[in-house]
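These notes are about the structure you will find just below.
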Amino acid sequence: MAEFDAIVLAGGASRRLGRNKALVRLRGVTLLERTCVAVAGARRIAVVAPKETIAAAFAHIPGNVVQTLEDPPLGGPVAGLIAGLDALGEPRAQIAVLSCDVPRAADAIEVLLGRPLEGAGVCAVDGTGRQQLLVGVYSFEFLNSRRAAVGSGHGASIRAFMDGGAIEGIMVPPGVTDDVDTPLDLQCLSASE
């Protein structure tokens, strides 16, 4: 497996869930910690979240975690992705990008990192055939070129940001890309854990 860096997006408002997603616990582990464990092999992990969230999510913050936050806060996933790129400084050629609300991301990221990175990158494809762009591995060159196209990224959609890229979709095991957006999502995931 090639060396990589990672960006974990955990700065959203979690309005539909009604509480901070990053701090939700499944089997005693926060979603943010689970996501960072999924990319524990990264040289550096840029976690895009308030410092208070990171402090509350971990018993011990891993040494390879770098905290950052989009400016202004709550600017959306593209603004978070850009903040993560900035925090990595001189990143590796490939960057794993994960949203913290995908508790089984480890199974997907293992598959994606096992593929040779060609072109823009690869992302997980769920059981409905939809690309899950926030469960992916992308080339730094691609992400950097898209950053130049969107500026700060504040309010931009992730699909628009990734537009124009030859992103290969990879089927992953069923349920691996299920996310926690609502209390019902959390209830279903908790029942299947």
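The values are calculated or read from the model by the stated rules, or taken from the named source; none is laboratory data. Keep in mind it's a predicted model, so treat the numbers as computed, not measured. No Cβ is skipped: glycine too gets one built from the backbone with ideal geometry, and neighbour counts run over all protein chains shown.
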Residue hits (segment 95-111; crowded, with 24+ Cβ neighbours inside 10 Å and either over 23 Å from residue 24 (Cα atoms) or free of Cβ contacts under 8 Å to residues at least 60 places away in the same chain (or both)) are 95
task: Consider residue 107 carefully, then state whether it is closer than 28 Å to residue 168 by Cβ, touching an Asp or Glu at 6+ places or on another chain (Cβ under 6 Å), of a type outside the set (Phe, Trp, Tyr) and modelled with pLDDT under 95.
output: no
Would you confirm, using the coordinates I've provided, whether residue 190 is modelled with pLDDT of 85 or more, within 18 Å of residue 30 (Cα to Cα) and small (Gly, Ala, Ser)?
no
Check whether at least one residue in segment 58-79 is among the hydroxyl-bearing types (Ser, Thr, Tyr), modelled with pLDDT of 90 or more and within 20 Å of residue 180 (Cβ to Cβ), and report yes or no. no
If you check residue 130 against the conditions, is it within 15 Å of the chain's Cα centre (by Cα) and basic (Lys, Arg)? no
With criteria (1) at pLDDT 95 or above; (2) closer than 15 Å to residue 179 by Cα, residue 102 comes up short on (1)
